[in-house]
Amino acid sequence: MAKGVRPRVKVPKTASAGEAITIKTLISHKMESGQRKDSDGNKIPRSIINRFTCDFNGENVIDVTLEPAISTNPFFEFEATVPETGEFQFTWYDDDGSVYETSKKISVE
Amino acid sequence: MELTRRNVMIMGTGAMVAFGLPMAANAAGEDLIEAFTGGAEMAESGVTLTAPEIAENGNTVPIEVDADGASEIMVLALGNPTPPVATFKFGPLAASHTASTRIRLAGTQDVVAIAKMKDGSFAKATKTVKVTIGGCGG
């Protein structure tokens, strides 16, 4: 597992039913592309997050496949519809098999 | 330089070399597009790709893709050592088919976004980004 991976997510606390809200996510990860070389000229092996998903109460919002061309500390911004009170689940899948998860509650007024 | 027959021939050869090489480099990207669309025709409108005209740092270039009614959007950087950048799949709760992220670009090149619409058609948008410092280490 890569060290120092910390997901950060920005979701509003409340919304009205059916409202479109903007979600911003950032996860600290070095996203080693597999193209760089160290000081001895050896290739540094690829180590990236290859998939990111966001679900709301089990229903999918967005599913992103990431490639080495995504910058360090992958950032995503997208919009989601909130039909009812519930929880957003965010999941990141690392090349080495680790899974980073976080969730945010939102209440509909 | 006088416009003699010999000079015209030299200029012609130079132009062939200049235009021929980028096409060879794009072959990998073309293959990926072919695999994604299955060789289907792509409309020139329907997808919007927002990217800066000039990016000072190729390590983090902000881009945004937007395609109304798209189920999937694939982003390619044709001049990168590995052209695929990301594929966005939108689920039933996506409010708009918009997503932004930050990408790496190895140098000045075309960034391509291809949207797969819900009705099975495809749309394409291309944007040239000038990169001052490339983002692939060296």
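So the values come out like this:
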| item | result |
| --- | --- |
| DSSP-assigned coil residues among chymotrypsin sites (Phe, Trp or Tyr not before Pro) in segment A:6-109, each with at most 16 further Cβ atoms within 10 Å | none |
| Chain A: proportion of alpha-carbon pairs further apart than 24 angstrom, % | 31 |
| For B:ALA55, distant residues with modelled amide H under 5 Å away | B:LYS130, B:VAL131, B:THR132 |
| Per-residue HN-Hα couplings for segment A:102-109 [Karplus 6.51, -1.76, 1.60; θ = phi - 60°; Hz; x = Gly/Pro] | 8, 9, 9, 8, 9, 10, 9, 9 |
| Least to most buried among A:ARG6, B:ARG6, B:ARG104 (fewest other Cβ within 10 Å first) | B:ARG6, A:ARG6, B:ARG104 |
| Normalised contact order of segment A:8-59, rounded percent, pairs of Cα under 8 Å and 6 or more residues apart | 25 |
| Fewest-first ranking of B:LEU32, B:LEU105, using other Cβ atoms within 10 Å as the exposure measure | B:LEU32, B:LEU105 |
| For the protein assembly as shown, the fraction of alpha-carbon pairs in successive 10 Å shells from zero, as % | 7, 28, 32, 20, 8, 3, 2, 1 |
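Coordinate-derived values only; no laboratory data. Keep in mind the model is a prediction, meaning the values are calculated, not measured. Glycine also receives a Cβ, built like all others from the backbone with ideal geometry; neighbour counts cover every protein chain displayed.
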